[in-house]
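One structure is given here, and the rest of the page talks about it.
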Amino acid sequence: MDLHAENGTVIPDTLWTARLLLRPLTPANDAAIVGALADWNVVKWLTAVPWPYDLNDAAYFRTVIAADPNHPHWGIDNGTGLIGVISVKPDLGYWLTALHHSKGIMTEAAKAVINAAFKAGLQQITSGHIPGNAPSSAILQKLGFHDTKIVSRHHRPSSKNIVVQRMILTHATHDRLRNAAQ
C-alpha cells in the first residue's frame, strides 16, 4: 500500500468509514472534480481554487497538489463515484458536491482523516472557514476545533482579499472528546 509519510509519521492513502471510501484521486476523477467546482455555491467557500475551473486545473490539482506525499488528499467516494475531496497537513481542507451537503458525509470523512493523522503522530491540526459558511463552521466545531484568530487571505475565485476564521484541534482535545463520547 502506498503511504504518505512525513517525519516518520505514516498516514494511509486509503481510509474507510461506514459509508465512504477515501482514496487517491485518479484521472477518471477529473471530470467529476470539474463538475463539482463549476458550482459557485461550492467554490465561493474555497480560497485557493481557480474560477472558472477546467480539466487542466483538475489534472494539475491531481498530479501536483494532491500527489504531494507531504500533504495527503483523498477523494471521497460514497459508492456512486467521487463526491468530494479532503486533505490534511498543513490544514484540514475539504469540499463536497452541493448534492451531498447536509448528510453528515463531510463530518464522517473528516473524522476518518483526523483519526488517521493523529494515529500517525500529528499533535495538532489546523483548519478554518470563511465567516458566513455556517455548515463548515459547524462541522469543525463538532469535530472539536476551536477558534484561534481571524486572518486575511487571498480568495482566488473572486480575486479579492477576504477574512478567514482560523481554528485548531489538538491531539489531546481530540482524545478527550473521543473518550467522552464512548
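The numbers here are math on the coordinates, done by the rules we state, and not lab data. Because the structure is predicted, anything quoted here is derived from the model rather than measured. Neighbour counts run over all protein chains shown; Cβ positions are idealised from the backbone, glycine included.
Among Ser158, Leu25, Gln123, which residue has its Cα furthest toward the positive end of the charge dipole of the range 3-181, with +1 on Lys/Arg Cβ and -1 on Asp/Glu Cβ? Most positive-ward Cα: Gln123. Per residue, the average separation of C-alpha pairs within less than 8 Å and at least 6 apart gives the range 89-162 a relative contact order of 28 percent.
For the chain, modelled as a GNM whose springs connect Cα atoms under 10 angstrom apart, the maximal fluctuation among Lys119, Lys44, Lys103 occurs at Lys103. Every helix of 4 or more DSSP H residues in the chain counts as -39500 (n - 2.57), and over all residues that averages to -8000 deg cm²/dmol at 222 nm.
Working out 0.36 nm times the residue gap between Thr126 and Thr26, then minus their Cα-Cα distance, what length gain in nm do you get to one decimal?
Value of the extension gain: 33.3 nm.
Between Thr47 and Ile65, the distance separating the two model label sites (each 7 Å from Cα on the Cα→Cβ line) works out to 1.3 nm.
Place a +1 charge on the Cβ of each Lys and Arg in the range 1-101 and a -1 charge on the Cβ of each Asp and Glu, then give the dipole magnitude about the Cα centre in debye, rounded to the nearest 20.
220
Using only side-chain charges placed at the Cβ, +1 for Lys and Arg and -1 for Asp and Glu, the dipole size of the chain relative to its Cα centre rounds to 580 debye. Multiplying the residue separation of Asp39 and Ile150 by 0.36 nm and removing their Cα-Cα distance gives an extension gain of 37.3 nm. For the range 3-181, the normalised intensity computed at q = 0.11, 0.13 Å⁻¹ comes to -0.44, -0.63 (log10 of I(q)/I(0), Debye sum over alpha carbons, equal scatterers, no solvent). Could I have the simple spin-label model distance between Ala180 and Trp16, label points 7 Å from Cα toward Cβ, reported in nm to one decimal? Computed distance between label sites Ala180 and Trp16 equals 3.1 nm.
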